[in-house]
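Inspection log for the structure reproduced underneath, given as structure tokens.
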Number of protein chains: 2
Amino acid sequence: MSELTNRLVAGLPAGSVVLDPAVTEAYRHDMAGFCEAGEPAVLVFPSTVEEVQHVLRTASELRVPVVPQGARTGLSGGANAVADCILLSLVKMDRILELDPVNRIAVVEPGVVNAVLSRAAEAHGLTYPPDPSSWESCTIGGNIGTGAGGLCCVKYGVTSEYVLGLDVVLADGRLLRTGRRTAKGVAGYDLTRLFVGSEGTLGVVVGAVLALRPAPAPQLALAAEFPSAAAACAAVNAVTEAGFTPSLMELMDSVVVGAVNRFGRMGLPQATKALLLVAFDGPERSRELAAVAQLCQAAGATETVPAEDQAESELLLQARRLALTAMDTLGTTMVDDVAVPRSRLAEMLVGVARIAERCGLTIGVVSHAGDGNTHPIVAFDAKDPDQVTRAMESFEAIMALGLELGGTITGEHGVGLLKRDWLARELGPVGLELQKQMKGLFDPLGILNPGKLF
Amino acid sequence: MSELTNRLVAGLPAGSVVLDPAVTEAYRHDMAGFCEAGEPAVLVFPSTVEEVQHVLRTASELRVPVVPQGARTGLSGGANAVADCILLSLVKMDRILELDPVNRIAVVEPGVVNAVLSRAAEAHGLTYPPDPSSWESCTIGGNIGTGAGGLCCVKYGVTSEYVLGLDVVLADGRLLRTGRRTAKGVAGYDLTRLFVGSEGTLGVVVGAVLALRPAPAPQLALAAEFPSAAAACAAVNAVTEAGFTPSLMELMDSVVVGAVNRFGRMGLPQATKALLLVAFDGPERSRELAAVAQLCQAAGATETVPAEDQAESELLLQARRLALTAMDTLGTTMVDDVAVPRSRLAEMLVGVARIAERCGLTIGVVSHAGDGNTHPIVAFDAKDPDQVTRAMESFEAIMALGLELGGTITGEHGVGLLKRDWLARELGPVGLELQKQMKGLFDPLGILNPGKLF
């Protein structure tokens, strides 16, 4: 065994240091499979904070890169191995340490699965809102690393709004505690939010205090069919301008609707150019849904179909959640994550359609329309070098368009490997320099997930 | 004129550089009047970003400290002058640049008064929720600097949740743009939130993109009288545990009730030991208020008085907003800002009463009870050295108690000068070292509001 392995084994329980290439191979990638991934030196599964500290101390002493991993459901390559690294999987640290209904907080280890926490909260009449599509498998640590969003964000916000405090193992193995357990607190600089979305480049999150909310009533949804993306976006803006805050407002284009129908036999209206799903979960949800139906019709909807009950509403949401999986059946996919000001959503969608035509590729778009957050999904044949080139071109053109419209290259998936060059463009020279200096401050040896973000 | 003054005058319009001691004297202090304050070298009122850049460039070249100021309504000495500094007042940069109902954002300069923005938003059916008691005079820049809260936070959260992006002039005069104009975004480290609550020690905020919300319906309030603070706190916890989220949940002790009655002739129930105000603003507010009245009675309330209408509700809230002003009539005041986990609120209040008794001082407590955020207000005679000593002792004992109960030394007022030693205790050695390194990264010459926070 190498010195690295010897040192790791000396401080970790039997079985938590894995060298078997058949196992490590499976851990090289997150779900951005087409991104580069190096060969790891070793894969470790610590179970305690002290064990993570041992790993980081060892890594610092031997100058070995460390790539922290959750469930590897990320879409930007942020959890991909770099050459000769330690893959640090946090999935065995999966305990919910506290769930406190009076203070409405949960204290968790990073490997807790999002849905497991959500269900545990539900048992107390509470909810942990952030709900990425991968919520049944993704971990809270991964959600914090990427700053994950989801379908509920239009009403309930994203991960960063629910992280009150963190325990973080620093590059040199020291333990940092940030933030608080209280509802409010402004003592010093907000290091907690600095770690949210930092993709494991500043430290390793080993514990989190999360805010919970009272569980809302079940959602009531409607589906509205539009003759064009522009008409659907006009409806989205009308709903917002009228002062409504739906619990969900999602848009699927005809490519996605077709893929979902073929994959899941969901019976969505196939002829529509743009299908808008809107839901409410407040006490006046029936009245609100009726008003939204009228606004959709005024914006040109050819059909508005309110769900009869909760079961039908749930079916609509399930169809939406299938979007990415369904698109995966069309080829290798590259998932973009551009968010634009809500008022520019139509321009974004029209622009993406033009890019698809120009590049001669299939691009389906699913959007968290209420947030202006679009996921154009480029489907291509990864074995055809020409298609790969065109896929990359379309992907870049989409991000350029997003920035041109006053948007951001990533609403909720993170930068990872996929958007490094674009992060520099979005931040500009002053911002980029400060961010790199900050990285240097937390990680002077450059061992924490190197090559990600920058 | 000194070289400093010459250089400043050369880059600023006539009248925006003030040396007259009669004027500068008034700008030496924020509302923590008993905190130390140095003699400023000069007071400047820039009107543009470029003028702020000129001030910072000059300060860097000449190594002169800069103290940014809003309306100086802060309570921790964060805006107090340091010796020979440039007092940099942002109050003339007071334009609302955009108010966009489709994207629900406002783009503002730092000198915009909180209430001015709130009213402008109201005209579009929107609201900017953070509402510190000083909302009629405090500025958005000051709110961002301190991470201000208010009465609405129990439902709507604090300033940091509404700041999407910032324009910041750095110590060397460069302009940094952070964050975004979109609803969501996770591109790189969250520098935006790093500046919120940083009290002018990392850079000078010269512009902000703020999130707005649809305006809620008017609040309906009730007042409940309790025979003890502990009983009132039990009611607060019962309300939370039952899944209610009031738009306001405030607690006043008998000292504060007495002061408010004497000062404002408000006719609050004088005999009560603890007066709890609860309000709702949702469509089911009448039903919710009735349920809360029952929970209060079950917790031992001797009387629950629902407001008959909005006007009566507004009167109750007005009485609450008078608390600090009314306490000021009892002597010099020192306002503490300890937040504890909601479940520990009763222990906090009982402990403060013991501290008041031990120190032989009047301490009134007003709490954002729903957030566990208490403001013990120590009233003393600043001319009596013995009382000053005891006031300081009680103030420190209150913060020690807060930390002991798992709380924070500041829920929403910031650290300033008043709590520097306590910030170090709350952060611990690892956190403190990192925060100081971060300060060094942004302000290598140490010219930005030196002596504040650390």
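The values are calculated or read from the model by the stated rules, or taken from the named source; none is laboratory data. Keep in mind it's a predicted model, so treat the numbers as computed, not measured. Cβ coordinates were reconstructed from backbone atoms using ideal geometry, including for glycine residues, and neighbour counts include every protein chain displayed. Just the protein is used for accessible areas: all its heavy atoms, side chains included, with ligands, DNA and RNA removed. Shrake-Rupley method; radii C 1.70, N 1.55, O 1.52, S 1.80 Å.
Brief remarks on what is shown
- Using a 7 Å Cα-to-Cβ projection, A:Ala14 label spacings across copies, nm, ascending: 8.8
- The two copies B and A are related by a rotation, and the chain B beta carbon nearest its axis, with distance in whole angstrom, is B:Arg193, 2.
- Ranked by the mean number of other Cβ atoms within 10 Å of their residues, highest first, the peptides B:137-150, B:100-113 fall in the order B:137-150, B:100-113.
- Averaged over peptide A:189-201, the number of partner chain Cβ atoms lying within 10 Å of each residue's Cβ comes to 6.
- Each distinct pair of alpha carbons in segment B:218-321 adds a 1/r term; the inverse of their mean, the Kirkwood radius, is 13.4 Å.
- Where GluC sites (Glu not before Pro) fall in DSSP loop in segment A:135-200, at most 15 other Cβ within 10 Å: A:Glu136
- Label-to-label distances for B:Gly360 across copies, nearest first, come out at 9.3 nm, using points 7 Å from Cα in the beta-carbon direction.
- Cα-based equivalent ellipsoid of segment B:29-121: semi-axis lengths in Å, sorted from largest, via gyration tensor: 28, 18, 8
- Most simply put, segment A:6-153 has about 50% antiparallel DSSP beta bridges, counting only bridges with both residues inside it.
- Cα pair distances in chain A, grouped into 20 Å bins until the bin that holds the longest one, percent each: 25, 56, 19, 0
- Taking the 1.4 Å solvent-accessible surface of chain B as the whole, the part contributed by carbon and sulfur is 52%.
- Compactness index (Cα Rg / 2.2 N^0.38 Å), the protein assembly as shown: 0.94
- Solvent-accessible surface of the protein assembly as shown, taken per residue with a 1.4 Å probe and all protein chains present: 35 Å².
- Alpha carbon convex hull of segment A:298-370, projected area averaged over orientations, nm²: 6.7 nm²
- Where N is the number of residues in segment A:305-454, Cα Rg divided by 2.2 N^0.38 Å: 1.20
- Working ranking of peptides A:361-367, A:239-245 by packing, defined as the average number of other Cβ atoms within 10 Å per residue, highest first, is A:361-367, A:239-245.
- Sparse-neighbourhood loop sites, trypsin sites (Lys or Arg not before Pro) in segment A:377-450 - DSSP loop, at most 16 other Cβ within 10 angstrom: A:Lys383
- Neighbouring Cβ atoms from other chains, within 10 Å of the Cβ of residues in B:405-415, number 4 on average.
- Solvent exposure, largest accessible area first (probe 1.4 Å, DNA, RNA and ligands not counted), of A:Val255, B:Val42, A:Val158: A:Val255, A:Val158, B:Val42
- Percent breakdown of C-alpha pair distances by 5 Å bin, ordered from the shortest bin, for segment A:394-454: 4, 17, 26, 25, 16, 8, 5, 1
- For A:Thr362, the residues 5 or more places off, or on other chains, whose built amide H falls under 5 Å of its own are A:Ala379.
- Amide H partners (placed H, <5 Å) of B:Leu248, local residues excluded: B:Ala279
- Tail beyond 13 Å, pair distance distribution of segment B:285-338 (Cα, percent): 71 percent
- For A:Thr302, nonlocal amide neighbours, meaning residues 5 or more places apart or on other chains whose placed amide H falls under 5 Å from its own, are A:Glu225, A:Phe226.
- Long pairs among B:Lys383/B:Lys452; A:Lys383/A:Lys419; A:Lys92/B:Lys184; A:Lys92/A:Lys439; A:Lys419/B:Lys184; B:Lys383/B:Lys436, criterion Cα-Cα beyond 24 Å: B:Lys383/B:Lys452; A:Lys92/B:Lys184; A:Lys92/A:Lys439; B:Lys383/B:Lys436
- Neighbour-limited loop hits for GluC sites (Glu not before Pro), segment A:270-362 (at most 11 other Cβ within 10 Å; DSSP other than H, G, I, E, B): A:Glu308
- Across the copies of the chain, A:Gly440 has label points (7 Å from Cα along Cα→Cβ) spaced 1.3 nm apart, shortest distance listed first.
- Scattering profile of segment B:96-214 at q = 0.09, 0.24 Å⁻¹ [log10 I(q)/I(0), Debye over alpha-carbon scatterers]: -0.21, -1.54
- Extents of segment B:1-155, largest first, come to 51, 34, 24 Å (Cα atoms, principal axes, whole angstrom).
- Residues A:Leu97 and B:Ser137, FRET efficiency given R0 of 51 Å [Cβ-Cβ distance, rounded to 0.05]: 0.70
- Gain in span if fully extended, B:Lys383 to B:Thr325, counting 0.36 nm per residue against the direct Cα distance: 18.9 nm
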